[in-house]
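Below is one structure, written out as structure tokens; the observations come after it.
The values are calculated or read from the model by the stated rules, or taken from the named source; none is laboratory data. Nothing here was measured: the structure is a model prediction, and the numbers come from that model. Because the Cβ atoms are built from the backbone with ideal geometry, glycine has one as well, and the counts that use them run over all protein chains shown. Just so you know, the surface numbers come from the protein's heavy atoms only, side chains and all, with ligands and any DNA or RNA stripped out. Shrake-Rupley method; radii C 1.70, N 1.55, O 1.52, S 1.80 Å.
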Amino acid sequence: MATVLYITANPHDDKKSYSMLVGKEFVHAYRSANPHDEVIHLDLYNMDIPQLDKDVFSGWGKLKEGVAFEELTEPEKMKVGRIGELVDQFVAADKYVFVTPIWNLSYPPVMKSYIDSICIAGKTFKYLPDIGRVGLLSDKKAVHIQASGSFLSPGSDNADLEMGHRHLKVIMEFVGVPSFEGIFVEGMAANPEQEPAIKEKAMQQAREEALRF
């Protein structure tokens, strides 16, 4: 049995969000094909995700110096402990499904906060002498479902402006995930008359990818 983290960064549900609609279709198809796998929904907008701030860095610094976790300040313990929970959950999972809209050419800031919480040395990557950084999640796979009103997917004219999928791709490579696919729901604002066809095409891609995932 595999564990899948279904990670959504959208304040809207599938009634108002194209990415959430396609994500819901992906999960439905995946569960139908893999009834014994566990799918855990992480709704980032309704979770405690500490930002990397003074408390986090001071807490990490004290731990590195040998200070016991119990001796940290209450804010340090709360934030450092929570980040530890998030990264341990990420490491324990087998597959990741990221669902985001494009806002100002990237994903919502809550996704960046989550990524900061799972990019932890010794957990998802490490540094080795004479080799450098090595990702530790080489037995995982991930897919990213992204919606944008314009055309920003790889191969489009404005692909070089897009910073959401490209950043996630780099992050997955950074932590060693060898398989990372993208499903793009795009062009609804550019071609509103094509909206039904755009959604159906993306949902079909989601169903097909879910069977391979």
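Numbers for the structure displayed
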| item | result |
| --- | --- |
| Residue satisfying condition, being in contact with a Pro (Cβ under 8 Å, 6 or more places away or on another chain) and either at pLDDT below 95 or open to solvent by less than 50 Å² (accessible area, probe 1.4 Å) (or both), within set Ile83, Ile131, Ile49 | Ile83 |
| Residues located in the stretch 200-213, provided they are among the acidic types (Asp, Glu), open to solvent by 30 Å² or more (accessible area, probe 1.4 Å) and in contact with a helix residue (DSSP H, G or I) (Cβ under 9 Å, 6 or more places away or on another chain) | Glu208 |
| Filter result for Ala197 (in a loop (DSSP other than H, G, I, E, B), over 30 Å from Thr3 (Cα atoms) and open to solvent by 40 Å² or more (accessible area, probe 1.4 Å)) | no |
| Inter-residue pairs, beta-carbon under 9 Å, first over 23 Å from Arg207 (Cα atoms) and open to solvent by less than 80 Å² (accessible area, probe 1.4 Å) and in the stretch 158-183, second of a type in the set (Phe, Trp, Tyr) and not in a loop (DSSP other than H, G, I, E, B), 6+ apart | Phe174/Phe125; Val175/Phe90; Val175/Phe125; Gly176/Phe125 |
| Any hit, the stretch 97-117, residues being in contact with a Gly (Cβ under 8 Å, 6 or more places away or on another chain), modelled with pLDDT under 95 and of a type outside the set (D, E, K, R) | no |
